[in-house]
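Below is one structure, written out as structure tokens, with a few remarks after it.
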Amino acid sequence: MSRGVVHIVDDDESFRTSLRRLLAALDFEVFTYACGTELLAAAREVRGCVLTDLRMPGLSGLELQGACARAGLELPFVFLTGAADVPSAVSAMHQGAVDFLEKGAPREALVAALERALERARAAHAAQEQRAQLRERLATLTERERTVLTLVVRGRMNKQIAGELGIHERTVKLHRTAITHKLRVRSVAELTLLVHEADQLLRRA
Amino acid sequence: MSLVTLIWSMAAASALTLAFLYAMIGGLTERRDRANLMFCLVAVATVLVARAEVGMMHAGSITAFGEWARWYHVPLFIGVVGQLLFVRYYLNAGREWLMWGIIGARLVVLVLNFMVEPNFNWTHIDSLNHVRFLGEDVAVVGHAELRPWQWLPTLTRILMVVFVADAAHQLWRRGGAQAHHRALVVGLGFALPIAGAVALAQTAVLGLAKLPVLGTLTFMITIAVMAYELSREVLKSRRALQEVTELRRELARAGRISALGQLASALAHELAQPLGAILRNAEAAELQLQKPAPDLEELRSILADIRKDDTRAGEVIDRMRAMIKRRSVETRPLSVEELLRDTIALTHAEALARRVRLDCVVAPGLPQVAADRVHISQVLLNLIINGMDAIESTASEQKRILIEARAGAQRTVELAVSDSGPGVKQELIERIFDPFFTTKPHGMGMGLAVSRTIVEAHGGRLWAEINSGEGGLRFRFTLPAARGAAA
């Protein structure tokens with residue numbers, strides 16, 4: 001069972017190969033690229049994390065990170081560098097790098113950084129899944145049901161909702177049953193929580 | 001041979017030797033040049049003074065004595081002029097009008113001396129006396145009548161003492177240990193013997209002490225003072241020259257180290273690649289070996305890679321060590337192509353980091369050059385890094401450095417480094433080679449000065465011109481082809 005996917009980007013072939021050997025032996029699923037452009041071209045839906053050299057011809061490590069973000073690839077980055085220099089490290093961390101390691105860093109540190117990055121990748125992946133599911137479920141609601149849902153979450157009573165929408169209180173009850181059924185929730189509290197979560201997730205998306 | 005003849009001719013010989021010596025040494029500075037010339041003049045005058053004195057002492061007749069006394073005035077005049085000008089030039093002090101006044105008065109004495117009989121000092125000499133001097137009978141003036149103008153040469157001597165004392169005082173007031181020393185030695189070394197000479201001459205002329213004329217003594221003392229001072233100057237300038245050479249060597253080294261500093265991070269990057277690869281390969285091998293059935297083929301290729309990367313790291317270290325090492329210029333026949341390749345390899349990482357393209361064009365069939373690998377690499381590195389700095393200061397899209405090598409005139413190879421930077425104004429193009437001239441905010445301004453020193457030490461030339469194509473600068477330098485190298 002693979003511990004996760006690692007994409008290695010480094011212009012130095014020898015270093016790239018050695019890293020691939022080590023990570024493969026540690027049960028990671030490894031892909032290697034000689035430059036950032038190769039990685040960007042490789043796949044639209046890249047999973048896992050990126051382990052990249054900072055200084056490279058063509059796209060630098062930092063530029064690759066920016067390009068991935070713009071392409072909508074949510075990949076955690078771990079940077080490797082010959083000699084750690086503070087400005088690049090700060091800049092990389094600001095852009096959301098998981099870690100910043102020297103090329104000769106201990107294996108344990110490297111593995112720990114990759115684990116953290118993959119953990120983050122998995123979390124991001126799970127959140128994405130959840131978002132997709134929610135969006136799917138919300139999509140099944142009718143226009144009227146969605147309006148009712150908004151009012152329910154705002155804490156209105158059935159009678160108030162009926163008054164506001166100019167419909168019968170029984171109809172409101174029917175709508176609410178349909179909503180809880182479609183969204184697979186049991187209580188108003190659960191419903192409110194779900195809508196709040198959806199609001200958060202969808203706003204971030 | 002009599003003792004007098006012996007001593008006087010020895011004095012003459014040593015004066016002549018010194019004159020010859022200092023004429024040979026010549027001078028390095030203008031002041032010393034002229035002082036040297038005056039020293040030689042005084043030394044030659046001393047020889048003649050000594051001869052005339054011996055002539056007087058050994059004179060067989062009144063006429064002969066009178067003639068020697070008359071000719072005695074010629075070297076005396078030369079000596080006085082030499083002494084005065086020496087003080088003037090060497091101390092760079094003293095009142096000129098006084099000096100020329102004294103010289104004028106002595107010239108009058110000299111002219112009159114040859115217009116009257118038997119000479120300037122006496123209207124007539126009636127007899128000679130013989131006195132014991134250094135165990136010998138020597139002739140001195142006996143019964144004679146002094147000329148009334150006798151006071152004139154004496155006055156000039158006294159004025160000379162005044163002139164020297166005044167010049168020394170002027171110099172002393174200017175201050176500084178050197179000036180004080182010089183004022184003291186020259187002031188006392190001239191004023192005292194001249195004052196003594198006045199006294200001696202008066203006793204001799206007036207016939208008081210019954211002593212022969214002893215001008216040689218005075219002259220020898222002043223010569224000794226002059227020789228002492230001049231040789232101190234020679235030693236001093238020699239030491240200064242040594243210091244300058246030492247300083248230049250230090251600067252060459254400092255320049256090399258600062259270029260190294262700029263490259264240090266790039267080199268660390270270069271070293272990190274092979275070292276990192278070795279580490280990861282070794283770790284991968286360890287994991288392989290822990291497996292129940294290790295992949296031997298994989299292990300073999302891992303070991304081969306480790307060996308390869310070790311060599312690579314070693315090469316980086318060798319290059320660095322070669323750069324730091326302090327050496328004098330040792331020329332060897334070198335391949336230009338190899339030289340350029342190695343140097344460019346050193347700047348490769350830096351160029352990568354700065355996004356500068358390095359292009360290298362080497363004309364085919366170039367002869368080997370006689371050059372010191374480390375020093376010429378240093379020059380190339382300097383020029384390439386300078387070019388990168390220049391390019392960095394522009395927003396230019398075309399970030400390119402072109403390195404060219406081609407055959408030059410008269411068995412030389414010409415190398416050129418051109419950048420697409422902003423260049424400099426035509427009128428500054430020569431000034432960029434001046435030490436401490438820099439256009440960079442943190443530059444020391446030593447790189448180009450040191451580079452030029454290095455190239456010139458190889459017998460080549462380094463110059464800059466506006467790069468007509470891309471508007472940046474082009475640095476060109478020549479290196480001599482190695483002896484016996486095929487053209």
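The values are calculated or read from the model by the stated rules, or taken from the named source; none is laboratory data. Note that the structure is a prediction, hence the values are computed from the model and not measured. Here the Cβ positions follow ideal geometry from the backbone for every residue, glycine too, while neighbour counts run over all protein chains shown.
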Sort out which residues of the stretch A:102-132 are acidic (Asp, Glu), more than 14 Å from every other protein chain (Cβ to nearest Cβ) and surrounded by 14 or more Cβ atoms within 10 Å (Cβ to Cβ), and write them in order of number. A:GLU115, A:GLU119
Could you check, for the stretch B:150-168, whether at least one of its residues is assigned to a helix (DSSP H, G or I) and either outside the structural domain of B:TYR72 (by TED's automatic domain parsing) or in contact with a His (Cβ under 9 Å, 6 or more places away or on another chain) (or both)? yes
Give just the number: which of (1) at pLDDT 90 or above; (2) more than 14 Å from chain B (Cβ to nearest Cβ) does A:ARG44 not satisfy? (1)
Of (1) in contact (Cβ under 8 Å) with a residue 60 or more places away in the chain; (2) within 35 Å of the chain's Cα centre (by Cα), B:GLY82 fails just (1)
Condition broken by A:VAL195, with the remaining ones in (1) over 30 Å from A:LEU54 (Cβ atoms); (2) part of a helix (DSSP H, G or I); (3) at pLDDT 80 or above satisfied: (3)
Scan the stretch A:151-183 residue by residue and report those that are loosely packed, with under 12 Cβ neighbours inside 10 Å and over 20 Å from A:HIS196 (Cα atoms). A:LYS159, A:GLY166, A:HIS168, A:ARG170
Filter result (surrounded by fewer than 20 Cβ atoms within 10 Å (Cβ to Cβ), at pLDDT 80 or above and under 15 Å from B:ILE403 (Cβ atoms)) within the stretch B:430-477: B:ARG476
With the condition being modelled with pLDDT under 80 and in contact with a strand residue (DSSP E or B) (Cβ under 7 Å, 6 or more places away or on another chain), I'd like the helices (runs of 4 or more DSSP H) fully within the stretch A:62-162 carrying at least 2 qualifying residues. A:86-94
Please determine whether any residue of the stretch B:180-195 is at pLDDT below 85 and surrounded by 21 or more Cβ atoms within 10 Å (Cβ to Cβ). no
I'd like the residue in the stretch B:370-379 that is surrounded by fewer than 23 Cβ atoms within 10 Å (Cβ to Cβ) and of a type in the set (A, V, I, L, M) and, out of all such residues, is modelled with the highest pLDDT. B:ALA370
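Residue by residue through the stretch B:340-369, note down the ones that are over 22 Å from A:LEU59 (Cα atoms) and either modelled with pLDDT under 85 or within 14 Å of another protein chain (Cβ to nearest Cβ) (or both).
Once the filter is applied, which keeps residues that are over 22 Å from A:LEU59 (Cα atoms) and either modelled with pLDDT under 85 or within 14 Å of another protein chain (Cβ to nearest Cβ) (or both), the stretch B:340-369 yields B:ASP342, B:THR343.
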Among (1) surrounded by 23 or more Cβ atoms within 10 Å (Cβ to Cβ); (2) part of a helix (DSSP H, G or I), A:VAL6 falls short only on (2)
Would you say A:GLY66 is within 11 Å of another protein chain (Cβ to nearest Cβ) and surrounded by fewer than 21 Cβ atoms within 10 Å (Cβ to Cβ)? no
A:ARG55 vs. criteria in the same structural domain as A:ASP12 (by TED's automatic domain parsing) and at pLDDT 85 or above: no
Could you list all residues from the stretch B:140-151 that are farther than 23 Å from B:MET57 by Cα and either in contact with a helix residue (DSSP H, G or I) (Cβ under 6 Å, 6 or more places away or on another chain) or basic (Lys, Arg) (or both)? none
Out of (1) part of a helix (DSSP H, G or I); (2) at pLDDT 80 or above, the one B:PRO333 does not meet is (1)
Residues satisfying the stated conditions in the stretch B:290-325, i.e. at pLDDT 90 or above, in contact with a Leu (Cβ under 9 Å, 6 or more places away or on another chain) and of a type in the set (A, V, I, L, M): B:LEU299
Scanning for something among the hydroxyl-bearing types (Ser, Thr, Tyr), assigned by TED's automatic domain parsing to the domain that holds B:VAL164 and within 17 Å of B:LEU214 (Cα to Cα), does the stretch B:84-92 turn up at least one residue? no
When only residues in the stretch A:25-41 that are more than 14 Å from chain B (Cβ to nearest Cβ) and touching a residue at least 24 places away in the same chain (Cβ under 8 Å) count, which is farthest from A:LEU62 (Cα to Cα)? A:GLU29
Inter-residue pairs, beta-carbon under 8 Å, first within 12 Å of chain B (Cβ to nearest Cβ) and under 23 Å from B:ALA349 (Cα atoms) and in the stretch A:72-88, second modelled with pLDDT under 80 and assigned to a loop (DSSP other than H, G, I, E, B), 6+ apart: A:THR81/A:ARG55; A:GLY82/A:ARG55
